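Report on one structure; see the data block that follows.
The values are calculated or read from the model by the stated rules, or taken from the named source; none is laboratory data. Values in this document were obtained by computation on a predicted structure and should not be read as measured data. All Cβ positions, glycine included, derive from the backbone under ideal geometry; neighbour counts span all protein chains shown.
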Amino acid sequence: MSMLKKLIAMFAAMFAAAALMTAYAADPVVEQAKAQGIVGEMATGYLGIVDPSKASADLKRRVDEINAGRLQAYTDIASKNGQPVATVGALMAEKQFERAESGEVVKPNGEGWIKKQ
């Protein structure tokens, strides 16, 4: 991918990040689960269940809803910029990792879940 296309996708992902944070950060159940290490951010740009034994059906439903919203946003951005959806998701994941609070869990590409310091 050319550097220009990468930059365009990155800027688009940053704008999407602001919209996604506004839309989904308000879910107190998911935010609490993130703080407890039950839910974490993955390198794909989606939320993942870190500890399924501690995730209620309601929490799983909320995570699925957030991920569906993210997929829609990534798809919209990807189609506007001629980028694969996975590229937009990966760029978004970088931003989510940067925003993750100390103690929250993230899953970098090719690695297991790690607690952010």
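Picking from residues in region 18-45 that are assigned to a loop (DSSP other than H, G, I, E, B) and surrounded by fewer than 20 Cβ atoms within 10 Å (Cβ to Cβ), the one that is modelled with the lowest pLDDT is ALA25.
Would a scan of region 50-60 turn up a residue that is small (Gly, Ala, Ser) and not in a loop (DSSP other than H, G, I, E, B)?
Looking through region 50-60, at least one residue is small (Gly, Ala, Ser) and not in a loop (DSSP other than H, G, I, E, B).
Of the residues making up region 91-109, just one is assigned to a loop (DSSP other than H, G, I, E, B) and either without any contact (Cβ under 8 Å) to a residue 24 or more places away in the chain or β-branched (Val, Ile, Thr) (or both), namely SER102. The residue list ILE77, ILE66 contains one member that is assigned to a helix (DSSP H, G or I) and either touching a strand residue (DSSP E or B) at 6+ places or on another chain (Cβ under 8 Å) or at pLDDT 95 or above (or both), which is ILE66.
Number of residues in region 50-90 that are touching a residue at least 40 places away in the same chain (Cβ under 8 Å) and surrounded by fewer than 13 Cβ atoms within 10 Å (Cβ to Cβ): the value is 3.
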